[in-house]
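Working notes, structure below.
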Amino acid sequence: VEMNPLWQQQKLRKFCKEKGVHITAFSPLGAKGTVWGTNRVMECEVLQEIAKAKGKTHAQVCLRWVYEQGVSVLVKSFNKERMKENLDIFDWSLSLEELNKISQIPQKKGFVGLEIVSPNGPYKSPEELWDEEI
């Protein structure tokens, strides 16, 4: 599922946990470069502040946050240095204060799905497609 600090999927994560379903997150850094994506995640000031305070990159803070949620994470990179950087998230953690700051970030889905809703299709609106969780 799409999941990152700006789209935390709290309702879905709770449901899956209750049912024993493990989640794998895609777009943990947002989806810049895709047709539907933006760079909102990587421009988030809260995440930038945490990264600076910890001496980590913005991406590392995002990946660590997903990891600390007990979720598997898929991240794409063709750059060897970024691949190494992405793996450097396991020897540190986010504080409760930092996790609380991240939990307060306003939520907004990256992929709304306008391209797949239709008055003649099974989903008439994005709200219907996503169970009103946009």
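The values are calculated or read from the model by the stated rules, or taken from the named source; none is laboratory data. Computed from a prediction, not measured in an experiment: that's the story for all the values here. Glycine gets a Cβ as well: all are built from the backbone with ideal geometry, and neighbour counts include every protein chain shown.
Couple of notes before you dig in:
- The residue of the stretch 90-103 that is farthest from Met3 (Cα to Cα), among those that are in contact (Cβ under 8 Å) with a residue 40 or more places away in the chain and either hydrophobic (A, V, I, L, M, F, W, C) or assigned to a loop (DSSP other than H, G, I, E, B) (or both), is Leu94.
- Boolean, Lys11 is exposed (fewer than 15 other Cβ atoms within 10 Å of the Cβ) and modelled with pLDDT under 95: yes
- For the stretch 1-15, a residue qualifies if it is basic (Lys, Arg) and under 18 Å from Cys62 (Cβ atoms), and exactly one does: Arg13.
- Some residue of the stretch 126-134 being in a loop (DSSP other than H, G, I, E, B), surrounded by 11 or more Cβ atoms within 10 Å (Cβ to Cβ) and modelled with pLDDT of 75 or more: no
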